[in-house]
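**Q** Structure below; questions to follow.
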Amino acid sequence: MSLSAMSLSEEVVALLSEVYDRLRGEIVDGSLDAGAPLVELTVAERYGTSRTPVREALRRLEQDGLVERGDRGMRVRTRSPEEILEIYEARISLEATAAAAAAQRHTEFDLIRIRHAQTAMEATPDDDPRAMAAANRAVHEAIWSAGHNGTIVDLLTRLNNHLTRYPATTLKAHGRWGEALSEHRTLIAAIEARDSERAHDAARGHMAKARELRLQIYQDDLTSPP
């Protein structure tokens, strides 16, 4: 491959990534509502690009679970309480399995990463929902990694992508921030003690509470005035 061809290829990849990131960002932050149509030509004109990178970005977003095919083409994936239950049914089981694996297989370096993430979460102000969600995810990702099972990490990452379409964090519910921090401490203690059964149960209970809060937030959003 010539240098010019390589440069062109790099430019195409960069453009595809840019379109994907912009579309994903608009879906996650709510700029594009659930059910909003995603017409290739319209999106391409808005971004000032051709339809090809838009088509590829939509394909990737469909794989991520953020867009879906409707009767009239692609659209932002719709939300439902049934989907919340489906996501959490899988996530609760996987989080529990990941925690048990972390208890069994963690290294000292894994513990350092988990403790560091928890310390950062403890220091996160409780008036910044985005920072709270990011800090919480960092703890969970450190625990996933400590289980040394790439398939579980991949599946949990994909499930988390689905939840990004539900922008409100459960951590803003009254009293939940402190409760979540405490639950994390219990979970981490079980992992440190290599008590896989206790780690499994702690993770399962932690995520079950998150499911109930997520359903409540969804219901509140439906009944709140526009």
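**Q** Which residues, counting only those in region 22-49, are among the β-branched types (Val, Ile, Thr) and in a loop (DSSP other than H, G, I, E, B)? Spell out the reasoning first.
**A** Within region 22-49, the subset among the β-branched types (Val, Ile, Thr) is 27-28, 39, 42-43, 49.
Matches in region 22-49: Val39, Thr49.
**Q** May I pose another question? Please enumerate the residues belonging to region 20-51 that are among the β-branched types (Val, Ile, Thr) and in contact with a strand residue (DSSP E or B) (Cβ under 7 Å, 6 or more places away or on another chain).
**A** So in region 20-51, the residues among the β-branched types (Val, Ile, Thr) come out as 27-28, 39, 42-43, 49.
Matches in region 20-51: Ile27, Val39.
**Q** When the residues of region 1-26 are filtered to those that are at pLDDT 85 or above and hydrophobic (A, V, I, L, M, F, W, C), which remaining residue is nearest to Asn160 (Cα to Cα)?
**A** The residue in question is Leu23.
**Q** Could you say whether any residue in region 50-62 is in a loop (DSSP other than H, G, I, E, B), over 27 Å from His184 (Cα atoms) and in contact (Cβ under 8 Å) with a residue 24 or more places away in the chain?
**A** First pass over region 50-62, keeping only residues in a loop (DSSP other than H, G, I, E, B): 50.
Okay, now just the ones that are also over 27 Å from His184 (Cα atoms), so 50.
Those left that are additionally in contact (Cβ under 8 Å) with a residue 24 or more places away in the chain: none.
Scanning region 50-62 turns up no residue that is in a loop (DSSP other than H, G, I, E, B), over 27 Å from His184 (Cα atoms) and in contact (Cβ under 8 Å) with a residue 24 or more places away in the chain.
**Q** Out of the residues in region 63-97 that are of a type in the set (Asp, Glu) and not in a helix (DSSP H, G or I), which is modelled with the lowest pLDDT?
**A** Kept after step one, since they are of a type in the set (Asp, Glu), are these residues of region 63-97: 64, 68, 71, 82-83, 86, 89, 95.
Filter once more, keeping what is not in a helix (DSSP H, G or I): 68, 71.
Numbers: Glu68: 90, Asp71: 81.
In this case the residue turns out to be Asp71.
**Q** Taking Tyr88, is it closer than 28 Å to Gly150 by Cα, of a type outside the set (A, V, I, L, M, F, W, C) and in contact with a Lys or Arg (Cβ under 7 Å, 6 or more places away or on another chain)? If you could, list the steps in order and put the result at the bottom.
**A** Values: closer than 28 Å to Gly150 by Cα: yes; of a type outside the set (A, V, I, L, M, F, W, C): yes; in contact with a Lys or Arg (Cβ under 7 Å, 6 or more places away or on another chain): yes.
Yes; evaluated as a whole, the condition is true for this residue.
**Q** Check off (1) more than 17 Å from Val139 (Cβ to Cβ); (2) buried (at least 17 other Cβ atoms within 10 Å of the Cβ) for Thr169 and give me the number that stays unchecked.
**A** Checking Thr169 against (1) more than 17 Å from Val139 (Cβ to Cβ); (2) buried (at least 17 other Cβ atoms within 10 Å of the Cβ), the one that fails is (1).
**Q** Might you check whether a residue that is within 26 Å of Glu26 (Cα to Cα), surrounded by 15 or more Cβ atoms within 10 Å (Cβ to Cβ) and touching a residue at least 12 places away in the same chain (Cβ under 8 Å) occurs anywhere in region 187-202?
**A** Within region 187-202, the first condition is being within 26 Å of Glu26 (Cα to Cα), and the residues that meet it are none.
Among the residues of region 187-202, not one is within 26 Å of Glu26 (Cα to Cα), surrounded by 15 or more Cβ atoms within 10 Å (Cβ to Cβ) and touching a residue at least 12 places away in the same chain (Cβ under 8 Å), which makes the answer no.
**Q** Please state which of the following conditions Ala131 fails to meet, knowing it meets all the rest: (1) within 17 Å of the chain's Cα centre (by Cα); (2) touching a residue at least 40 places away in the same chain (Cβ under 8 Å).
**A** Only one criterion is unmet by Ala131, namely (2).
The values are calculated or read from the model by the stated rules, or taken from the named source; none is laboratory data. This structure is a prediction, so every number in the text was calculated from the model and none was measured. Positions of Cβ are backbone-derived with ideal geometry, glycine not excepted, and every protein chain shown enters the neighbour counts.
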